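Rule-based calculations on the coordinates, nothing more; no lab input. What you see is a predicted model; the values in this text were computed from it and never measured. Note that we place each Cβ from the backbone using ideal geometry, even for glycine, and neighbour counts take in every protein chain shown.
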Amino acid sequence: MADDRPPARDEARPWTRIDEYVVSLARLRSARRAHSLKPRTQPEEPRFLLSTLPFLLLMAALLVVTLALFLIAWPGSRPQQQPKVEAREQGVAPRGWLEDAEREFR
């Protein structure tokens, strides 16, 4: 006569014995270690040539461009141009132009 009941699982047993408690804590600790962060493969201090030097070169290039723009835009490097004033012409209007304009605006 075969027993049709499934075998008892570990979770179904009561937690009354200390050895079962310690074994479950050990399993939990090993599971935490398996999922914990791996040790660092990068150096703690970044390398100068790979991190700091490109940043310094970029900053120096931006400084050069800024100074070049500043020097090009400086107004003292070009002579001042005087604005050209056109000679005034004395105009002549035909007689009755004011009356004609007033009639158009009404």
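Table for the structure above
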read-out	value
Ranking of 106, 32 by count of other Cβ atoms within 10 Å, fewest first	106, 32
Calculated FRET value between residue 80 and residue 55, using beta carbons and R₀ = 41 Å, to 0.05	0.45
Label-point gap, in nm, between residue 99 and residue 45 - each point 7 angstrom along Cα→Cβ	10.0
The range 44-106 shape via C-alpha gyration tensor axes, a/c threshold 1.5	oblate
Taking 41, 52 and counting other C-beta atoms within 10 Å, the order from fewest to most	41, 52
